[in-house]
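The values are calculated or read from the model by the stated rules, or taken from the named source; none is laboratory data. Computed from a predicted structure; not experimentally measured. Cβ coordinates were reconstructed from backbone atoms using ideal geometry, including for glycine residues, and neighbour counts include every protein chain displayed.
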Amino acid sequence: MTETTHATVGELVDRARRLAATGGRRLLGVTGPPGAGKSTLAEALVTALTPAPGPDHPEGPGTGEAPPGAVLVPMDGFHLADIELARLGRRDRKGAPDTFDGAGFVALLRRVRADTGDVVYAPAFDRTLEEPVAGSIPVRPGTALVVTEGNYLLVDEDPWSAVRGLLDEVWYLDVDEGVRLDRLVGRHVAFGKSRAAARDWAHGSDGRNAAVVAATRVRADVVVRVTPD
């Protein structure tokens, strides 16, 4: 049965820390409709759970990096490139389930979960370019917690249906609809759309995608409404 809770970011960090401490590599999913705050929460979790270099956590030899703790592997890195979306006639629906390489996302999660001792490189999504960038995120051996965030982690249709079984927990973020839409419009304006075009996209393409995501809410381990710390 899906749990519902109000929680601060600090309380969610504690929950993620307990998950990471259960042994082996753990995968945590954060989902919700566009504008729910998934990336903000996921980034906060990873920052809180990744130790900074220091006397107790020296940098790895020759790497110049902090030791592994948690890493964020966003689903958005699997957006199809705009040139491919144009070829497929899907450019005006960018963000819909069939505008991602869902099978590639599943394959990457399987590699990450296996933790065979090799670095696994994941793609990121550059919002300035509005394009995925391959090989951007290293998931190093020994990383205790991998956080992934995205709209379609709980969709029960191929290829997305394989995602749920690869994640130890999935949190669904609940947010007031007006707040969500305001965030979306602001995001689209920040990345170059006019306010009118941003509103059209938030209510149109994003709205249709939000309905798809909302239908998956019942498959989450917990529905979270984030409250101020």
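Among the residues of the stretch 115-135, which ones are on the phi > 0 side of the Ramachandran plot and either assigned to a strand (DSSP E or B) or of a type in the set (F, W, Y) (or both)?
Just the residues of the stretch 115-135 that are on the phi > 0 side of the Ramachandran plot, to begin with: 115, 117, 130, 135.
If the condition is that a residue be on the phi > 0 side of the Ramachandran plot and either assigned to a strand (DSSP E or B) or of a type in the set (F, W, Y) (or both), then G135 is the only one that fits.
Of everything listed in (1) more than 15 Å from the chain's Cα centre (by Cα); (2) buried (at least 17 other Cβ atoms within 10 Å of the Cβ), the single unmet condition for V106 is (1).
In this structure, is R187 crowded, with 16+ Cβ neighbours inside 10 Å and either basic (K, R) or within 19 Å of A20 (Cβ to Cβ) (or both)? Quick ask: steps written out before the conclusion?
Details: crowded, with 16+ Cβ neighbours inside 10 Å: yes; either basic (K, R) or within 19 Å of A20 (Cβ to Cβ) (or both): yes.
The answer is yes for R187.
Which one is surrounded by the fewest Cβ atoms within 10 Å (Cβ to Cβ), of the residues in the stretch 81-91 that are of a type outside the set (D, E) and either in contact (Cβ under 8 Å) with a residue 24 or more places away in the chain or more than 16 Å from G102 (Cα to Cα) (or both)? Top of the filtered list is G89. Looking across R26, R17, one residue alone is touching a strand residue (DSSP E or B) at 6+ places or on another chain (Cβ under 9 Å), under 30 Å from A96 (Cβ atoms), at pLDDT 95 or above and of a type in the set (D, E, K, R). It is R26.
Apart from one condition, N151 fits all of (1) surrounded by fewer than 17 Cβ atoms within 10 Å (Cβ to Cβ); (2) in a loop (DSSP other than H, G, I, E, B); the exception is (1). Looking at V139, V120, can you tell me which residue is under 23 Å from A20 (Cα atoms), hydrophobic (A, V, I, L, M, F, W, C) and in contact (Cβ under 8 Å) with a residue 40 or more places away in the chain? Of the residues listed, the single one that is under 23 Å from A20 (Cα atoms), hydrophobic (A, V, I, L, M, F, W, C) and in contact (Cβ under 8 Å) with a residue 40 or more places away in the chain is V139.
For A44, the conditions (1) at pLDDT below 95; (2) under 17 Å from the mean Cα position of the chain (by Cα); (3) of a type in the set (A, V, I, L, M, F, W, C); (4) under 28 Å from A114 (Cα atoms) are fulfilled apart from (1).
Just so you know, in the stretch 154-181 the residues that are outside any loop (DSSP other than H, G, I, E, B) and among the charged types (D, E, K, R) include one that is surrounded by the most Cβ atoms within 10 Å (Cβ to Cβ), and it is R180.
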